[in-house]
Structures are given as C-alpha cells and as structure tokens.
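S.K.: Pasting a structure below so you can have a look.
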Amino acid sequence: MKTPNTNNKALKIAGLIAAWIIGIAAGIILLATLFINIRSRIVCSEYYRIRTKLCNNPGLNNGYVPQGCTWDPENELYLTLGYMKDASASRIYRINPKTRKYVYYTLKSNGNVFTDHTGGLQYFKGNFYIANESDGIYKFPVSAFDNSTDKTIDIGSPIHIGNHTSFIFADKDYLYVGEFNNDNQYKCTNTVTWNGTTQNAIVEKFNGDDFSAPVAVYSIPNKIQGFAITNDGKIVLSKSWGLYDSTFYVFDESGITDTGTTYYDAPLYFLENPLKLISAPPFSEDLDLKDGKVIYMAESACDKYMIGKFMFDYYIYSLDI
C-alpha cells in the first residue's frame, strides 16, 4: 500500500486557495471598474457628450504627475508639465498629435535640478510660462527646446506676483495667473467678501507679460486648478480636489459681477452664479484653448493616484463648451 504524499496534497490545497483568492480579487477589481465607469458616465454625462480625445497624455505609468497643459501653435505640439513621484527632476513633455510620438525634457533653474510641484503651463507669443505653485512665474523661449543638447531646459528665476501662481492662461493680448486655495494646507490670503460671500483666491489679468501690476482681478472659489476664456466670452474654471468629481464652472464674461471696487489698484470682479456646472472625472487640471475649444488633461491616471487607470483616463482632451 502506498503512503499518501501529504506534502503534495497540502500544496494542491494551497494552490486552490491561492487561485480562489486571485479570482475573487480579480472579480472585485472588475466589478469596481465597471461601477466606477458606469457611475461616471451617468453623473458626468454632459462632460462625455462635449469631450473629444486629442492625443495620449504620456508618462502616467512612469511616476510622472502632470499639472499643466498647453498648445504650441508654432510647432503644432501639445505640451504637458509636471513633477515626479520620486522627487527627481520635473518634466515637460512635447507631444506630436500627428505622429503620436513624444519626448520629455527635464528642468533646471539657474543650473540647479528643478524638482518642484510645478503648476500651469502656457504658450504666449514665442515663450512658455510656468506658474509654479506659490513660487512665481517662470519664462523661457520656445527656441530653448531646439537649443537643448541634453534634453534639459533651464527655466531661470521666478517672477513673483501677488498670488500663489497655481495656473496660467493666455488669450491674444493678456496673461491670466491664478491660485489654488482650499483653506487648509493650501491656504491663500487674497480674501474678498461680496454680498456676504467670502472667497480666498484670485486670478490676476496682466497686459502681456508685464507682471508689474494687474489690469484686472477676479475673485474665484476654492479648489480651482485652471482658468480659460473662450472665444465667445465664456470664463471656464476647472475645480478638483482628491477623489471627488471635478467640476467645470462656466460663466458669461459679460455677466460677471463688477464690484465697482479695486484690488491691487485694478478693477475687481467677483465670479459667482455660473451659467452652468459640468461634472467630470476627478483630478482635472490646468486649461488652455485650441481651435476655440478648451483643452485639458487630468492627473488621475498617474502612479501617485491610480484611480484614472481604472477609468482609462490617459489622454489630453478638448471640451466644446
């Protein structure tokens, strides 16, 4: 009579248990993915109706956390700006939508490796502008990319202005620089109260890149990550924080509240009562315009936050607002 091999039986049982555990985990992940996407399609239905994919948003599986997005009309390229999860040098990606190819450049500031959080990125009249979260505005020419021999860009020194410089936008003649406030770890001090409502963040409008004094100031709500003005006069704000749904606030520029007062010696406007609110997936970021449409990307699918991987949020988008 053969003696039963108890070790083989134990291994078989352990293998079956492991297979069951893996299967259950895979099923839970699949159900969670289905739930997240079905819920998003229902809650954010208008967003999906007006959204178009433009090109891939690279680096999301390599520790890159994108913050800014802009369109370079000189070279017909999209660019994104962000920091690295491992605190290595911050990056700018240049993306060709026709070839779907991209290349990234690491950043320096006056010769030193630049590892900051970064923020908004904007093309304006032959230059790029970085709004670097509380640090100021950095400026460098488009030609810096062509002149870089080691895929590194030196962005120089910051220009300090009267807000925490979280995001930036440009139209034909003006640059707009705004700040992110959440009353906690990111607390701003530009407090404006109007008709009993208090807001603690602003956007400053500058004549070109003359940052010496704003020509207008807009008081904005908390948790704003981006600002844009469409060709037909709509002001769009991108609001996001954590895993909560993002919201795009849409205002009519001609209908915003003129307080009749000044802030930093410039006319002060109070953004309240939007025309509409558009719910969107989490982690919406900086805004720009291309062909009359708002463009943006999210940081949700980066390795730091992950949730966007389950929503397949790997793209730069346009919104027909």
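S.K.: Can we say I321 is in contact (Cβ under 8 Å) with a residue 24 or more places away in the chain, at negative phi and outside any loop (DSSP other than H, G, I, E, B)?
M.R.: Working: in contact (Cβ under 8 Å) with a residue 24 or more places away in the chain: yes; at negative phi: yes; outside any loop (DSSP other than H, G, I, E, B): no.
The answer is no for I321.
S.K.: Would you call A131 aliphatic (A, V, I, L, M) and free of Cβ contacts under 8 Å to residues at least 60 places away in the same chain?
M.R.: Spelling it out, it is not the case that A131 is aliphatic (A, V, I, L, M) and free of Cβ contacts under 8 Å to residues at least 60 places away in the same chain.
S.K.: Can you tell me which residue in region 155-200 is most open to solvent (accessible area, probe 1.4 Å), limited to those that are touching a Gly at 6+ places or on another chain (Cβ under 7 Å) and closer than 22 Å to G242 by Cα?
M.R.: S166
S.K.: Filter region 109-120 down to residues that are surrounded by 18 or more Cβ atoms within 10 Å (Cβ to Cβ) and either over 18 Å from the mean Cα position of the chain (by Cα) or assigned to a strand (DSSP E or B) (or both), then give me how many there are.
M.R.: Summing the residues that are surrounded by 18 or more Cβ atoms within 10 Å (Cβ to Cβ) and either over 18 Å from the mean Cα position of the chain (by Cα) or assigned to a strand (DSSP E or B) (or both) in region 109-120 gives 3.
S.K.: Only one residue in Y83, Y78 is of a type in the set (F, W, Y), assigned to a strand (DSSP E or B) and within 21 Å of W241 (Cβ to Cβ). Which one?
M.R.: Answer to the check: Y83.
S.K.: Just to check your reading of the model, which residue among K239, K276 is charged (D, E, K, R), surrounded by fewer than 18 Cβ atoms within 10 Å (Cβ to Cβ) and on the phi < 0 side of the Ramachandran plot?
M.R.: K276
S.K.: Might you check whether a residue that is over 30 Å from W241 (Cα atoms) and in contact (Cβ under 8 Å) with a residue 12 or more places away in the chain occurs anywhere in region 20-35?
M.R.: Checked against the condition, which is being over 30 Å from W241 (Cα atoms) and in contact (Cβ under 8 Å) with a residue 12 or more places away in the chain, region 20-35 yields no hits at all.
S.K.: Can you pull out every residue in region 46-98 that is within 27 Å of G126 (Cα to Cα), acidic (D, E) and open to solvent by 50 Å² or more (accessible area, probe 1.4 Å)?
M.R.: E74, E76
S.K.: Let me ask you something else. Considering only region 122-155, how many residues are out of contact with any helix residue (DSSP H, G or I) (no Cβ under 7 Å at 6 or more places or on another chain) and either charged (D, E, K, R) or farther than 21 Å from G178 by Cα (or both)?
M.R.: Summing the residues that are out of contact with any helix residue (DSSP H, G or I) (no Cβ under 7 Å at 6 or more places or on another chain) and either charged (D, E, K, R) or farther than 21 Å from G178 by Cα (or both) in region 122-155 gives 18.
S.K.: I've got another one for you. Select from region 201-220 the residues that are hydroxyl-bearing (S, T, Y) and open to solvent by less than 60 Å² (accessible area, probe 1.4 Å) and write down the one among them that is nearest to K139 (Cα to Cα).
M.R.: Y218
S.K.: Restricting to region 206-243, give me the number of residues that are over 13 Å from Y174 (Cα atoms), touching a Pro at 6+ places or on another chain (Cβ under 8 Å) and modelled with pLDDT of 95 or more.
M.R.: The total comes to 3.
S.K.: Looking at region 44-57, is at least one residue under 24 Å from D154 (Cβ atoms) and part of a loop (DSSP other than H, G, I, E, B)?
M.R.: No, there is no match, as no residue in region 44-57 is under 24 Å from D154 (Cβ atoms) and part of a loop (DSSP other than H, G, I, E, B).
The values are calculated or read from the model by the stated rules, or taken from the named source; none is laboratory data. Remember, predicted model here, so these are calculated numbers, not experimental data. With ideal geometry, Cβ positions are generated from the backbone for all residues, glycine too; neighbour counts draw on all protein chains shown. Note: areas computed on protein heavy atoms with side chains; ligands, DNA, RNA excluded. Shrake-Rupley method; radii C 1.70, N 1.55, O 1.52, S 1.80 Å.
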